[in-house]
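Data block below; observations after.
Each reported figure results from applying straightforward, stated rules to the coordinates on display, with no laboratory input. From a predicted model like this one, the values you see are computed outputs, not experimental measurements. Here Cβ is always computed from backbone atoms with ideal geometry, including for glycine, and neighbour counts include all displayed protein chains.
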């Protein structure tokens with residue numbers, strides 16, 4: 001049982017780290033959108049390719065371009081915080097119960 005508990009705990013830590021990293025990538029994308037970035041810059045292209053699959057569906061659902069402000073990064077960050085608070089915390093708790 002200890003092996004399964006350790007596996008679940010390690011999985012929770014990795015998921016938490018990946019969610020935090022992705023949140024910072026979204027923040028970088030939002031900050032870079034305030035200036036006129038060079039679309040051919042590899043960093044800009046990377047940020048766009050990594051975040052657009054998540055931000056585009058949110059943008060479509062809320063129709064943020066009709067108000068002139070793109071709120072999709074903010075909503076994505078709220079979802080990430082929810083996942084960290086719920087999913088990662090639940091996995092850590094499950095791992096503690098299995099020990």
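So here's what we get for this one:
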{"item": "Convex hull of Cα atoms in the chain, direction-averaged projection (nm²)", "result": "7.3 nm²"}
{"item": "Part-to-part distance (alpha-carbon centres) for the range 25-99 and the range 1-21, which is given in Å", "result": "21 Å"}
{"item": "Calculated FRET efficiency for the pair residue 77/residue 45, C-beta based, R₀ 25 Å, to 0.05", "result": "0.70"}
{"item": "Distribution of pairwise C-alpha distances over the range 38-85, 5 Å bins, in %", "result": "5, 20, 22, 22, 21, 9, 2, 0"}
{"item": "In degrees, nearest ten, helix 2-32 long axis to first principal axis of the chain (Cα)", "result": "10 degrees"}
{"item": "Length released on extending from residue 62 to residue 85, taking residue separation times 0.36 nm less the Cα-Cα span", "result": "5.9 nm"}
{"item": "With Cα atoms, 0 to 90° folded angle of helix 89-98 axis to the chain main axis", "result": "10 degrees"}
{"item": "Folded to 0 to 90 degrees: helix 72-83 orientation relative to the chain principal axis, Cα", "result": "0 degrees"}
{"item": "Expected 222 nm ellipticity per residue - DSSP helices of 4 or more, -39500 (n - 2.57), all of the chain, to 500", "result": "-25500 deg cm²/dmol"}
